[in-house]
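The values are calculated or read from the model by the stated rules, or taken from the named source; none is laboratory data. All of these numbers come straight from a predicted model, not from anything done at the bench. Because the Cβ atoms are built from the backbone with ideal geometry, glycine has one as well, and the counts that use them run over all protein chains shown.
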Amino acid sequence: MVLTAERLVKLAYKYPSLYNNWYVLASSALAVVNQPQEIGKVFHFALRQQLLESSVSDKPLLTDPFMLKLAEDSIASAVKYDEFTAIGVNLPDILIPYTYHDKLPLTYKYNRSEDIYAAQSAVANRIREALLKVAPIAGLPRSINALTALKKVTPNSIRPEQKPKRPCVLTPGHVRSSDLVQEDFAGTRFESDEIPTCDTLEGPVSLLSVNSETVLNNTVRGLDLWQAIYGKIGNRVKNQMFNAYPDLWQYAYNNVYGPILSFTDIVSAKETSFVVISALIPQDVNPTLKGHLKGALNQGASKEEIESVRCLTFDICDWSGNVSWKNGKESVAKL
């Protein structure tokens, strides 16, 4: 077991500047160190813990018995929900147990059910988005495993909608009605002589299926993010990638920075920098990490926040037992 009740409470309260996003970063780091089965514990604790005020009470939170009890119950519910999913049982909402709801050392943020639902939906969406952003940084299989593990322990009421959060670059089968000539079980068809059509897993597509505005927005937004992160050395870094392999730059710009990293409707630009840092640290890639540490500053992060991200990620790495650095932990880049 990587995460215990004590460790969960430490992740949530050891680093005060990360109160609103510790669970996002912990989930990202767990995905990268290949411990996806632990993400559910973080998730269930965050679903409850984020309903509490962040103000520091007189009691020491790291050793508070009822906060530890909340973490223990979250670990237990994550395991139970995974078992429920395996047998096809609907997963109920996650709430703070009534037996000790009035004994916790922090007050409650919400008293209306709709506010609780909104807060917990945000927690789920933010973890999902962070795990997606990990994909180009640490590998698609890591994100697939992490998001699959997360879904298994997600209450039915806050599971993801069956449509993408990002505007689609390609919309299969959606064209002007004047261009339609046939629609059957195989989907929309176009006049083949005038509009060449290709079948895809999501339906037929043609040049008319491309959302040019989305492509343009992604391109501009990706460039803005690149410049915000790298500043004056942006062109130099771009040229290094291009000279290494032109397709590497094209991939990074058009497939990573544009549609993935620069999308900030769910996880902010500053938090995205934190996610990237937490994903880079376990991989022992100092040259890249150095750029993103400075990039986080450029995105408005404080040095305290960035150091807290490093320390939280080191916690996850140490507890996982499968991460090491060629020249030791002290060699990992920092500001």
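Key figures
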read-out: Candidates 54, 77, filtered to the one that is closer than 19 Å to residue 116 by Cα and modelled with pLDDT under 95; value: 54
read-out: For residue 41: the one exception among (1) modelled with pLDDT under 95; (2) charged (D, E, K, R); (3) buried (at least 20 other Cβ atoms within 10 Å of the Cβ); value: (1)
read-out: The listed residue being outside the structural domain of residue 25 (by TED's automatic domain parsing) and modelled with pLDDT under 95, out of 297, 280, 335; value: 335
read-out: Given (1) of a type in the set (S, T, N, Q); (2) farther than 21 Å from residue 38 by Cα; (3) without any contact (Cβ under 8 Å) to a residue 40 or more places away in the chain, index of the condition residue 157 fails; value: (3)
read-out: Sole exception among (1) at pLDDT 95 or above; (2) surrounded by fewer than 18 Cβ atoms within 10 Å (Cβ to Cβ); (3) not small (Gly, Ala, Ser) for residue 60, by number; value: (1)
read-out: Flag if residue 3 is touching an Asp or Glu at 6+ places or on another chain (Cβ under 8 Å) and buried (at least 24 other Cβ atoms within 10 Å of the Cβ); value: yes
read-out: Subset of the stretch 298-309 (residues that are part of a helix (DSSP H, G or I) and surrounded by fewer than 18 Cβ atoms within 10 Å (Cβ to Cβ)); value: 298, 303, 304, 307
read-out: Failed criterion for residue 96 (all others in (1) modelled with pLDDT of 95 or more; (2) exposed (fewer than 13 other Cβ atoms within 10 Å of the Cβ); (3) assigned to a loop (DSSP other than H, G, I, E, B) hold); value: (2)
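Listed here are the residues, each with its yes/no results for (1) without any contact (Cβ under 8 Å) to a residue 24 or more places away in the chain; (2) of a type in the set (S, T, N, Q).
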position: 229; (1), (2): no, no
position: 244; (1), (2): yes, no
position: 248; (1), (2): yes, no
position: 254; (1), (2): no, yes
position: 266; (1), (2): no, no
position: 272; (1), (2): no, yes
position: 283; (1), (2): no, yes
position: 286; (1), (2): no, yes
position: 291; (1), (2): no, no
